[in-house]
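Comments concern the structure below.
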Amino acid sequence: MTECADRYGMDIKILEREDCEGLGMGLYLGVAQGATSDPKFIHVKYNPPNKPVKSVALVGKGICFDSGGYNLKTGPDSMINLMKFDMGGAATIFGAARAIAHLKIPDVEVHFITASCENMVSGHAYRPGDVLTASNGKTVEVVNTDGM
C-alpha cells in the first residue's frame, strides 16, 4: 500500500507494535500477540484536489490469517484453510483507495483504516479469561479468542 499511496500522492501512516502500545491499543495487540509477524495499524488518507466538503472513513478488517486463537477453528465446517479471507475488508478498502485516487474524486477527503495482524496460537497468545485494556481505557475479559 505504501507504493500505491506514494504513486497517487496519498498520506500513509503505519503504526508499529510500539506505537500501538504507546496508544494503549491492548485489545488489538492481544489478538496479535500470538503471531510471529508484527501487527501493522494502517491509515491512508486521500486528499482531494479541491477543498473537501466532507470527510469519510472506510474501515476494513485486516486479519491476515485467523486460526481462532486458543478457540481453534476445528471440524469439517471450520474453513480454517480459508481464513486468509479475514483480510478481505482491508483488501477492499485499499482497492477503493486506489480507485478513488486514480479517479481524483474532487471534494471528499477519504480515510482508509485497517488493523492488520494474525490471530495465532503460541506460548505468547492471549487466552480465554485474559483481561485486556482498550485504547479508551475500558477493560474487556476475553471469553472466546475467535470472537474479537
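Suppose we filter the range 115-136 for residues that are modelled with pLDDT under 90, under 15 Å from Pro39 (Cβ atoms) and among the small types (Gly, Ala, Ser); how many remain?
Qualifying residue count for the region: 2.
As an exercise: evaluate Glu118 against (1) under 30 Å from Asp11 (Cβ atoms); (2) part of a loop (DSSP other than H, G, I, E, B) and give the number of the one condition it does not meet.
Glu118 satisfies all of (1) under 30 Å from Asp11 (Cβ atoms); (2) part of a loop (DSSP other than H, G, I, E, B) except (2).
I need the full set of residues from the range 76-112 which are under 27 Å from Ala35 (Cα atoms), open to solvent by 50 Å² or more (accessible area, probe 1.4 Å) and at pLDDT 70 or above, in order please.
Pro76, Asp77, Met87, Ala91, Thr92
Report, by residue number, each residue of the range 9-48 that is modelled with pLDDT under 95 and over 17 Å from the mean Cα position of the chain (by Cα).
Once the filter is applied, which keeps residues that are modelled with pLDDT under 95 and over 17 Å from the mean Cα position of the chain (by Cα), the range 9-48 yields only Gly9.
Hey, can you tell me all the residues within the range 110-142 that are of a type outside the set (Val, Ile, Thr) and without any contact (Cβ under 8 Å) to a residue 60 or more places away in the chain?
Just the residues of the range 110-142 that are of a type outside the set (Val, Ile, Thr), to begin with: 111-112, 115-120, 122-130, 132, 134-138, 141.
Across the range 110-142, the qualifying residues are Gly123, Arg127, Pro128, Gly129, Asn136, Lys138, Glu141.
Cβ-Cβ distance below 8 Å, separation of 6 or more or different chains: which pairs start in the range 57-69 with a residue that is within 12 Å of Ala125 (Cβ to Cβ) and end on one that is among the hydroxyl-bearing types (Ser, Thr, Tyr) and open to solvent by less than 10 Å² (accessible area, probe 1.4 Å)?
Going by the 8 Å Cβ cut-off, the qualifying pairs are Gly68/Thr145; Gly69/Tyr126; Gly69/Thr145.
The values are calculated or read from the model by the stated rules, or taken from the named source; none is laboratory data. No experiment lies behind these values; they were computed from the predicted model shown. No Cβ is skipped: glycine too gets one built from the backbone with ideal geometry, and neighbour counts run over all protein chains shown. Surface areas here come from the heavy atoms of the whole protein model, side chains and all, with no ligands, DNA or RNA. Shrake-Rupley method; radii C 1.70, N 1.55, O 1.52, S 1.80 Å.
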